[in-house]
Each structure stands twice: as structure tokens, then as C-alpha cells.
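The values are calculated or read from the model by the stated rules, or taken from the named source; none is laboratory data. Quick caveat: nothing in here was measured; it's all calculated off a predicted structure. We place every Cβ from the backbone using ideal geometry, glycine too, and count neighbours over all the protein chains shown. These accessible areas exclude ligands, DNA and RNA; they are computed on the full protein's heavy atoms, side chains included. Shrake-Rupley method; radii C 1.70, N 1.55, O 1.52, S 1.80 Å.
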Amino acid sequence: MSTLTCPECAAEIMLESGTEVGEIIVCSDCGVDLEVTALDPAAIQLAPMEQEDWGE
Amino acid sequence: MIRVGFLYTRLRVEEKYLLEELEGRPEVKVTRIPDGELCFDIAQKPAEVDVLFERSISYSRGLYISRIFEAHSIPVINSSLVAERCGDKYVTSQLMVQNGIPTPRVVMAFDEESALAAIETVGYPCVLKPVVGSWGRLLAKVDNRYTAESFIEHKASLGINHQIFYVQEYINKPGRDIRAFVIGDEPICAIYRSSESWITNTARGGVATNCPINDEIADLCRRAARAVGGGLLALDLFETENGFTINEINHTMEFRNSITTTGVNIPQKMVDYVIEKENLFIEKMS
């Protein structure tokens, strides 16, 4: 398990085992979407903004 | 061994379930294909896979990359044709109308003046929707001429795609709509999506409960799924005084809120379908 810092609100973020690169996680403190960009070492960044043609 | 290419924009909960299901099958080898990171020489086979499982959140990326794979004789689920038919609300509505499937009335217009005429033709209230878009984004309920003029003016400033005015009859729902899941052309389960808002998408806070599939829903789902080409589909139905009606059809459906609610293992059935279709394709080619 890795501990990171939310780039938006500086809250502590724990990556659970089984987390994958490309996965979107939500900061439980500020609610921002974060994208997991690497696992070794772990890294997260603000997820790209939703695009107009995104959906189901 | 079946080599499955898994096309995705983001690994949502749904993609994780699907990958877990695919990677747990001994006869499947999965190649992950992130849709934004790669470039494609259209003269070259895009990947050494037997089938592409298209799960892009981006409609445009999913559509074009599907076409590239299909051009190299790699089947895609859902196919680019199904994506085109479901990804554009006008095309879906047109197919419903052509096939005699109940669907809310739609009037199209292509400039600001005719958009107002389209709205007045449908009558108040009506709904303005972008032809491409999802999750209930940029929907506008038009209650009167004043709001119609405002919405049209706002849409005019949003760019060329918003100059295609799709005006849909407003259906007075009983505080809920129905999301039915279809595999092939067979409905497997459905949920009610309830909300105090007229927008009932679970992405916008709609609450999911199980909806038993009766004969009328099943028949309508089969007909609508066939009309768009079948596949892995989620159909949105409205209940009206005159029976059920098809609102929209989604071709890269989200289902996280529907597995526990319905008790149906949706990702397992989706993966079964992908493998079954690929086996049929291999049989046909041999």
C-alpha cells in the first residue's frame, strides 16, 4: 500500500493493493478525481477534465 | 487462445470488473490498449489481437479506433456501426422511428430560427439535447418561449456541434425511468432509476432499484437492440400512459450500480458474449 498526497487539497491518499495505472480514484477529503499514473513508485495527478464526447 | 484487445480511456469500476473477468479466463490473453496514448498507421495492423473489446469513454476515439481495427478485419465489440447508431441520438431516434419502435417525438433543426420553430412544433415543455453526449450533460428542459430563446442563444455560443438542434418531446415520467441491459438481443436485467429531478441518470444521482423484466419490456428491448445491430447495450426506457418507449441506447454502458441491484453478473455475461462472438467469427473464417 502506498501513501500519496492529493495535489488539490494535500490530503493523504492511500492506494489500495490491486490499484492499477490508469485507474481513477476520488480524494475522500476534497472529492477531486485523481488518475493513478504510476505504481513503482506510486504517482497520482489530477484526472483530465471530462470531454464533451465522453459517456456511455 | 483468444487474444482480446481491451480499448479504454480510463479504468472505471466497469473496466476493472471486465478486466478481472477476462484475465481470469485461461483461454484469453488480454492486451490493454489505452485510446489516447497510441498512434495508428492506418496501413498497418493496429495490434496482434483477434478481437477488440471497445470500452472507450470517448465516443470519437472509440469510433475511429474501432474503424481502424475493422479495416484490418479485426472484429470489434461493439462494432463501429453499432457505436454510430447509439452514439448519435439523432441516428438512434431515426432508427426507432423507421422500425416502428415507440420513441419520443424528435424534430431536428440547423439554425437558430428554425430551432425555435422546431421547439414550437414539439410544444412546451420539450427537451434540447446535444446529439453526442452522455451522463445527462447539457440537457435543457424548455418550458416556454423565453427559455427557448435563451437556450438557443447559449447553444449558439458553444460551437458548431451545438448548431445541430435535437428537440425531443418531454415525457412526464413517474419519477423514474428504466435502464435495461441487453446482450446480443436478449435482455438480461433492468433497473429503475429514480430521482426527484427530471434527469434520472445514476451519474447525476438517480437511485437504482431492481426492475423485473416483463414481456412488454423484453419485446421492446429485443426490437430496439436489433434495430441498432445488437451487441452489449443499455437501453433507457420511459413509462408512458401508452406503454413503454425507448429514449436512448448506450453502447459502452456503465453497470456498477446494477450488479448487486439485479443479482446478475453483468461483466461475466459481457465477457461470455465477446468470447462467443469471436468463436463464431473464427468458425465463419475457417
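For the stretch B:232-286, the set of residues classified as within 14 Å of chain A (Cβ to nearest Cβ) and either farther than 22 Å from B:R85 by Cα or surrounded by fewer than 17 Cβ atoms within 10 Å (Cβ to Cβ) (or both) consists of B:R256, B:N257, B:S258, B:I266, listed by residue number.
Residue count for the stretch A:1-32 satisfying the condition of being within 10 Å of another protein chain (Cβ to nearest Cβ), part of a loop (DSSP other than H, G, I, E, B) and surrounded by 14 or more Cβ atoms within 10 Å (Cβ to Cβ): 3. Considering only residues in the stretch B:25-47 that are among the charged types (D, E, K, R) and closer than 27 Å to B:S134 by Cα, the one that is surrounded by the most Cβ atoms within 10 Å (Cβ to Cβ) turns out to be B:D35.
Residue count for the stretch B:34-47 under the criterion of being within 14 Å of chain A (Cβ to nearest Cβ) and touching a Leu at 6+ places or on another chain (Cβ under 9 Å): the result is 2. Restricting attention to the stretch B:48-65, the residues being away from chain A (no Cβ under 14 Å) and either crowded, with 24+ Cβ neighbours inside 10 Å or on the phi > 0 side of the Ramachandran plot (or both) number 2. Only one of the numbered conditions (1) open to solvent by less than 30 Å² (accessible area, probe 1.4 Å); (2) facing chain B (nearest Cβ under 8 Å) is not met by A:E35, and that is (1).
Being touching a Ser or Thr at 6+ places or on another chain (Cβ under 7 Å), in contact (Cβ under 8 Å) with a residue 40 or more places away in the chain and under 24 Å from B:Q94 (Cα atoms) is true of B:I171. Looking only at the stretch B:113-154, residues that are out of contact with any Asp or Glu (no Cβ under 7 Å at 6 or more places or on another chain), open to solvent by 20 Å² or more (accessible area, probe 1.4 Å) and within 14 Å of chain A (Cβ to nearest Cβ) come to 4 in all. Whether any residue in the stretch B:205-217 is exposed (fewer than 15 other Cβ atoms within 10 Å of the Cβ) and assigned to a helix (DSSP H, G or I) is what I want to check. Yes, there is a match, as at least one residue in the stretch B:205-217 is exposed (fewer than 15 other Cβ atoms within 10 Å of the Cβ) and assigned to a helix (DSSP H, G or I).
Is it the case that the stretch B:6-24 has a residue that's more than 28 Å from A:M49 (Cα to Cα), over 24 Å from the mean Cα position of the chain (by Cα) and either within 12 Å of chain A (Cβ to nearest Cβ) or open to solvent by 40 Å² or more (accessible area, probe 1.4 Å) (or both)? Yes, because at least one residue in the stretch B:6-24 is more than 28 Å from A:M49 (Cα to Cα), over 24 Å from the mean Cα position of the chain (by Cα) and either within 12 Å of chain A (Cβ to nearest Cβ) or open to solvent by 40 Å² or more (accessible area, probe 1.4 Å) (or both).
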